[in-house]
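For reference, the structure discussed in these notes is given below.
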Amino acid sequence: MATTEPKIPVEPPVPSENEGLRGINADYAERFGFHDAENYLYKAPKGLNREIVEKISEFKSEPEWMREFRLKALEHFLSRPQPTWGSPMLQEVDYDDIHYFVRASEKPGRSWDDVPADVKKTFDRLGIPEAERKFLAGVGAQYESEVVYHQVREDLEQQGVIFVDMDTGLREHEDIVRKYFATVIPPNDNKLAALNSAVWSGGSFVYVPEGVHVEMPLQAYFRINTENMGQFERTLIIAEPGSYVHYVEGCTAPTYSSNSLHSAVVELIAQPGARIRYTTVQNWSTNVFNLVTKRAIAQEDATVEWVDCNLGSRLTMKYPSVYLMGERAHGEILSIAFAGKGQHQDAGGKIIHAAPNTTSNIFAKSISKDGGRGSYRGLLEIAKGAHGARSKVVCDALLLDEESRSDTYPTIRISEDDVNVGHEATVSKVGEDQLFYLMSHGIPEDEASKLIVNGFIEPITKELPMEYAVEMNRLIELQMEGSIG
Amino acid sequence: MPEVIEVCPVAELQPGERRLVEWEDLEIGVFNCGGTLYAIEDRCSHDNGPLAEGEFDEEQCTVECPRHGSLFDITTGRPLTLPAYVPVDTFPVIIEDETIKLEVE
């Protein structure tokens, strides 16, 4: 099959310490911004209507209840106005200029040899098979609308761990899916959740049986290739009592001059005593609107952690939330956002304490540069009866120049007296005095500003698996090019 | 002491039908699920918007909040899906003299 020739070797170049910094745009184009020729089995025309939704359901041979679910969600989507809060950029989204479904392969392969050659080449260039060999317990790779590769380690399968793409999940585990699907995020939750519910395709279905600890992360990688693409994956993770799972997702896309749309729905259910950690390294190209709904339920003694890193996209609006529904449940949101030229990262998180003695932390960090805008938007709610709840919210913003912008929109609602809530917010500029201090010790200006930024984000990156922490630091270093004027 | 209010004659609320009633500052939805009558507060506990005029599934005896999609069990007032997580009030239904009545307070 035809494909564009790779411009770089599979192993991406790692700059040495003395190499200095390069511009992010050049690097993104080389590493992630390339695209393949389109050899698709099916590509829906632009725009959304009942026929497209029915076609998606028909392609997937879905049960009737899912077809009805989609059509009802489509009505919700069409009847709801575009939200007016958040970012003014939201009004730029043109729902008629998007391809809602693109099929690249017949079914997910269990071996990379089953994946169409050009698609496999793309994932090779992104380093996915290599990462799988080195440190992952399972991998799902989604290309356009559907998952093209899926594999989980045999020993986990033997312990009853289910890690499949969502389409396979519905086909092979319909009873479980039907029981939990859309119970955390109903289709009418918001306009974008309704859109996802109507046209969802791909994503992951994870089920971890009681007491099973999945020690190595499961990873999903989402890739958009075509122009004006809409990707709408749907992920559902259920951790039975006392189990543990760490799910990691990453994403990239080619850089085009017109817009693409990514709108996922992610639902997590941590049953009593279970722990789910969900890590995202979002690195869409800067023509992608990233409008995602992520929400978790933590039952008694359960823990849910969202580690949410937003580097790419034109606009991201995403506020992962945890509903602490059982006594002593714990929620943790670590959010980091980097807003560069032309970007708005409207990120944050929500924690709802709905039971006694529940605890939570929200740590949010944003860095804005070259006129980028970073916003923290968060909700902390303590319901009546959630006595003994404890929470700490810290949001810090770092501005790297005069033209960049940072906003903080925290909401705190407390309906119980016997609680302990702390909230801190700071906005700082990389100060002349910090730079001067480091430079007076012989550290060049570029290095000094990198050190300051790395120190700023370190509380988050230390929570990432090592390989991602290294990658994250590297991406941020690249974005720091010429940041101090 | 709870007060008893009249809703309507039994014949006027057939299976699959619902009716809204007001009492003081309370708004209540009365539902007929397969011949059994239930009454819940017409207020979604998520954001205090109206609830009872949402999609009514007689078979499951649920109503869906028209604003953000939380599904409520009409028999208990409990939300079955987020974003609502607090139950809404329910009211005892009495049938006397072929008339549907509610106990409110």
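The values are calculated or read from the model by the stated rules, or taken from the named source; none is laboratory data. Only a predicted model underlies this, so the values are computations on that prediction, with no experimental measurement involved. Cβ atoms come from the backbone with ideal geometry, glycine included; neighbour counts cover every protein chain shown.
Across the range A:334-350, the number of residues qualifying as over 13 Å from the mean Cα position of the chain (by Cα) and closer than 13 Å to A:LYS294 by Cβ comes to 1.
Rundown of residues vs (1) in a helix (DSSP H, G or I); (2) within 14 Å of chain B (Cβ to nearest Cβ); (3) within 20 Å of A:PRO187 (Cβ to Cβ); (4) touching a helix residue (DSSP H, G or I) at 6+ places or on another chain (Cβ under 8 Å), yes/no style:
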position	(1), (2), (3), (4)
A:ASP27	yes, no, no, yes
A:PHE34	no, no, no, yes
A:GLU51	yes, no, yes, no
A:LYS55	yes, no, yes, no
A:MET66	yes, no, yes, yes
A:ARG70	yes, no, yes, yes
A:MET89	yes, no, no, no
A:SER105	no, no, no, yes
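Candidates in the range A:167-196 are the residues that are touching a Ser or Thr at 6+ places or on another chain (Cβ under 8 Å) and of a type in the set (Val, Ile, Thr); of these, the one that is surrounded by the fewest Cβ atoms within 10 Å (Cβ to Cβ) is A:THR183.
For A:SER375, which of the numbered conditions (1) among the polar types (S, T, N, Q); (2) more than 21 Å from A:ARG295 (Cβ to Cβ); (3) touching a residue at least 60 places away in the same chain (Cβ under 8 Å) fails to hold? Result: A:SER375 fails condition (2) only. The strands (runs of 3 or more DSSP E) falling completely within the range A:241-285 that include 2 or more residues that are crowded, with 21+ Cβ neighbours inside 10 Å, in contact with a Gly (Cβ under 8 Å, 6 or more places away or on another chain) and polar (S, T, N, Q) map to A:275-282.
Of the residues making up the range A:175-190, just one is touching a helix residue (DSSP H, G or I) at 6+ places or on another chain (Cβ under 6 Å) and more than 9 Å from chain B (Cβ to nearest Cβ), namely A:VAL177. Selection within the range A:179-208: residues that are in a helix (DSSP H, G or I) and among the polar types (S, T, N, Q). The member of this set that is farthest from B:PHE72 (Cα to Cα) is A:ASN196. Residues that are farther than 22 Å from A:LYS120 by Cβ and either polar (S, T, N, Q) or modelled with pLDDT of 50 or more (or both) within the range A:9-44 comprise A:SER16, A:ASN18, A:ASN25, A:ASP27, A:ALA44, listed in sequence order. Screening B:ASN48 against (1) within 17 Å of A:ALA383 (Cβ to Cβ); (2) away from chain A (no Cβ under 14 Å) leaves a single unmet condition, (2). Of all residues in the range B:77-105, exactly one satisfies the criterion of being over 18 Å from B:PRO15 (Cα atoms), polar (S, T, N, Q) and more than 8 Å from every other protein chain (Cβ to nearest Cβ), namely B:THR90. Highlighted here are the strands (runs of 3 or more DSSP E) found entirely within the range A:318-379 that include at least 3 residues which are within 17 Å of A:ARG390 (Cα to Cα) and more than 14 Å from every other protein chain (Cβ to nearest Cβ): A:330-339, A:359-368.
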